[in-house]
Amino acid sequence: MQAVTLKGHKEGFEIILDSRVSFAEITSELEKLLKELRMNNANQKQTAFDITTGMRLLTAEEKKEIEKIVSRFEGFSIHRITADVIQTDIALDLMNQRSTHRVGRVVRNGQVVTIKGDVLFFGSVHQGGILQATGNIYVLGEVQGIVHAGYEDNTRAVIVGDLNTAQQVRIGDVVTIVADRPADEPLDKVVYVSDLHNLESTDVHTLMTLRPKLFVKAGGF
């Protein structure tokens, strides 16, 4: 079983580490491979390797050891180290980001509720309370405080619902103070960030045109 395999591509060289063998075997074979390459590359041409670890996740110490071995050979460097798997906590975080969470709680004055992903909200946000989500917010409840979709910097998020009693509406880094709006210019049911980086509102029937990916994700309404 070969612990280390070298492949050449148009973009450069890739070193594949076999995830089924011990790390000691990998480091030993990697050093041998690099020695052979250095001997065959006498002019010491600069070469950056993509290192792929397959189904193995290297620890921080193992990555340092790989980097240390490569750095011993002048002209050789690492472009990037990638794997076909990710850590469990990162996977769970991604799942949360892509989920729609049902929230029915009361957010009181001084409270800040932060949720990863989209939110279907049928609770109540009191004045001085803040409901913020990394994704979209669909409001079925009452909002007298602040709602913040796309927290902290996702300006593609939208807020859907009646927001005319809210203190503030925020999407990403864009804010509108609802109380400052003229009485004859209420917010429509969909609030979004326009191409001019302003908060705009529109009718719910335009949501599919405005953000078509929402309907692909949800399977349509």
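Just so you know, all these numbers are worked out from the coordinates, no wet-lab data involved. Not measured: the values here are computed from a predicted model. Cβ sites come from the backbone with ideal geometry, for glycine too, and all protein chains shown count toward neighbours.
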Along the stretch 180-193, Karplus-curve 3J(HN,Hα) (6.51, -1.76, 1.60; θ = phi - 60°) to the nearest Hz, with x for Gly and Pro, reads 7, 6, x, 4, 8, 10, x, 6, 6, 6, 10, 10, 8, 9
Under the helix-only model (-39500 (n - 2.57) for each DSSP H run of 4 or more, divided by the residues of the chain), the mean residue ellipticity at 222 nm, to 500 deg cm²/dmol, is -6500 deg cm²/dmol
Once the Cα atoms of helix 23-40 and of the chain are each reduced to a long axis, what angle between those two axes, in degrees from 0 to 90 to the nearest 10, is obtained? 60
Under a point-charge model restricted to the Cβ atoms of Lys and Arg (+1) and Asp and Glu (-1), what is the dipole moment magnitude of the stretch 4-85 relative to its Cα centre, in debye to the nearest 20? 200
Rounded to the nearest 5, the percent of antiparallel DSSP beta bridges in the chain equals 30
Using the alpha-carbon atoms, what tilt in degrees (0 to 90, nearest 10) does helix 60-71 show relative to the longest principal axis of the chain? 50
Write down, largest first, the equivalent ellipsoid semi-axes of the chain in whole Å, where each equals the square root of 5 times an eigenvalue of the alpha-carbon gyration tensor. 53, 18, 15
Skipping prolines and chain starts, which residues have an amide H placed within reach, meaning under 5 Å, of the one on Leu120, given they are 5 or more residues away or on another chain? His101, Arg102, Val103, Tyr138
Relative contact order, percent, the chain [alpha-carbon distance under 8 Å, six or more residues apart]: 9
Taking 8 Å as the Cα distance limit and 6 or more residues as the minimum spacing, I'd like the relative contact order of the stretch 91-218 as a percentage. 15
In the stretch 91-218, what is the volume of the convex hull around the alpha carbon atoms, normalised per residue and reported in Å³? 103
Spacing of the two label points (7 Å from each Cα toward its C-beta) at Asn40 and Arg108, in nm: 7.1
Sticking to Cα atoms, compute the Rg of the stretch 2-44 to one decimal and its Dmax as the biggest Cα-Cα distance, whole number, in Å. 11.4, 35
Give the distance, in whole Å, between the Cα centre of the stretch 168-219 and the Cα centre of the stretch 109-148. 15
Kindly express, to the nearest 10 degrees and within the range 0 to 90, the angle between helix 88-97's C-alpha long axis and the longest C-alpha principal axis of the chain. 30
Whole-number value, in Å³ per residue, for the convex hull of the alpha carbons of the stretch 4-85 is 86
Hey, can you rank 162-175, 6-19 by average C-beta count inside 10 Å, highest first? 162-175, 6-19
Only Lys, Arg, Asp and Glu count, each charged at its Cβ (+1, +1, -1, -1), so figure out the dipole size of the stretch 122-221 about its Cα centre, rounded to 20 debye. 420
